[in-house]
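Colleague: If you scroll down you'll find the structure; I have some questions about it.
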Amino acid sequence: MKKLLTLSLVAFACATAQAQVQETKITLGMSGWTGFAPLTLAKEAGIFKKNGLDVTIKKIPQKDRHLAIASGDVQCAATTVETWIVWNANGVATTQIFQLDKSYGADGMVVKPNITKISDLKGKTVAASAPGTAPWFTLAWMLKKNGLSPKDVKIVNLEPQAAANAMIAGTDGIDAAMTYEPYLGAVRAKPEAGKIIATTLDYPMIMDTVGCTPKFLTDNPKAAKALADSYFDALEMIQKDPQKSFEIMGADVKQPADKFEASQKYLRWQDRAANQKFFAGEHAAFSKEAAELLLEAGVIKALPDMSKLADTRFLK
């Protein structure tokens, strides 16, 4: 009996060791943006672990995320589609493998009451993140659609939460701000702080994806597939158990479940079928238009290899 027990313990130890060996370590860079929250859910609910991954999530401002990739600190990241163009154009090789979300009003421009239209911003001061980030690109996109460019405004670099807080505080000298959920929700709750003059409902151009370094994808194709599968599994959990899911995702951005649920209504997480449709044509078309704007604005000096921006193998 003792021998059998010993053999059983050895077998259990071997099985546990084997499971640990099979768990691929990934460090993923992202921010507290509502659209990224299913990745947090996948970690906290044990979905990554179930799929053989040991994922560490690092909160890194978008303006610094490419530096973490370049240093080897992180292997994968979540960011907006056009940001990958900037990173690749500046020598940080990365490839998108699945889409997270599309913004439906979750990103926007907040203005002081005296501003009635976007063209009124000429010569005014706008708070936005640095060039190469989603808020800056949203500003550039909206300005271009209204006959202006970033050169027509004075940009003060503030991150989305600080930009929203500046508007809520009525900070002198800031006429407008670029922000996103959950911080945009704080502005919605205080209309006296300013009005939301435009969002991605008016200008649909914010879409987020997860990507990794080419080396990681070459060395770990099964882990890349597991990363994508884990995201889709997290979306299924949200459907099956929304209350628990919203509690977990909300806690990460210091929001109660009901507040988080309200903020996520301004975006659409993209399931496997939506991903396959997106990468079949829309991704390339948008990337082309975005690259032209980035070139025109001087954010990039030359186009990267546009054919290497995405790898759809992991969506099956």
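Colleague: For the stretch 250-262, check the following and say yes or no: at least one residue is of a type outside the set (Gly, Ala, Ser) and under 15 Å from residue 100 (Cα atoms). Steps first, please.
Modeller: Step one: of the stretch 250-262, the residues of a type outside the set (Gly, Ala, Ser) are 252-256, 258-261.
Then keep just the ones that are under 15 Å from residue 100 (Cα atoms); that gives none.
Within the stretch 250-262, none of the residues are of a type outside the set (Gly, Ala, Ser) and under 15 Å from residue 100 (Cα atoms).
Colleague: Another question about this same structure. For residue 309, only one of the following conditions fails: (1) closer than 14 Å to residue 84 by Cα; (2) surrounded by fewer than 18 Cβ atoms within 10 Å (Cβ to Cβ). What is its number?
Modeller: (2)
Colleague: Moving on to the next point. Of all residues in the stretch 161-202, which are within 19 Å of residue 260 (Cβ to Cβ), part of a loop (DSSP other than H, G, I, E, B) and among the hydroxyl-bearing types (Ser, Thr, Tyr)?
Modeller: 200
Colleague: Taking the condition closer than 19 Å to residue 29 by Cα and acidic (Asp, Glu), does residue 208 pass?
Modeller: Numbers: closer than 19 Å to residue 29 by Cα: yes; acidic (Asp, Glu): yes.
Criteria met by residue 208.
Colleague: Residue 187 versus (1) of a type outside the set (Asp, Glu); (2) crowded, with 20+ Cβ neighbours inside 10 Å; (3) modelled with pLDDT of 95 or more; (4) within 23 Å of residue 61 (Cα to Cα): which is the lone unmet condition?
Modeller: Answer for residue 187: the failing condition is (3).
Colleague: Continuing with the same structure: Just one of the numbered conditions (1) out of contact with any Asp or Glu (no Cβ under 7 Å at 6 or more places or on another chain); (2) without any contact (Cβ under 8 Å) to a residue 60 or more places away in the chain; (3) among the aliphatic types (A, V, I, L, M) is not true of residue 81; which one?
Modeller: Checking residue 81 against (1) out of contact with any Asp or Glu (no Cβ under 7 Å at 6 or more places or on another chain); (2) without any contact (Cβ under 8 Å) to a residue 60 or more places away in the chain; (3) among the aliphatic types (A, V, I, L, M), the one that fails is (2).
Colleague: State the number of residues belonging to the stretch 41-68 that are within 15 Å of the chain's Cα centre (by Cα) and closer than 30 Å to residue 298 by Cβ.
Modeller: The number of residues fulfilling the criteria is 9.
Colleague: While we're on this one: Give the stretch 99-139 a look and list any residue that's outside any strand (DSSP E or B), closer than 29 Å to residue 271 by Cα and either among the basic types (Lys, Arg) or touching a Leu at 6+ places or on another chain (Cβ under 6 Å) (or both), or say none.
Modeller: 104, 105, 106
The values are calculated or read from the model by the stated rules, or taken from the named source; none is laboratory data. Just so it is clear, the structure is predicted and the values come from calculations on it, not from any experiment. With ideal geometry, Cβ positions are generated from the backbone for all residues, glycine too; neighbour counts draw on all protein chains shown.
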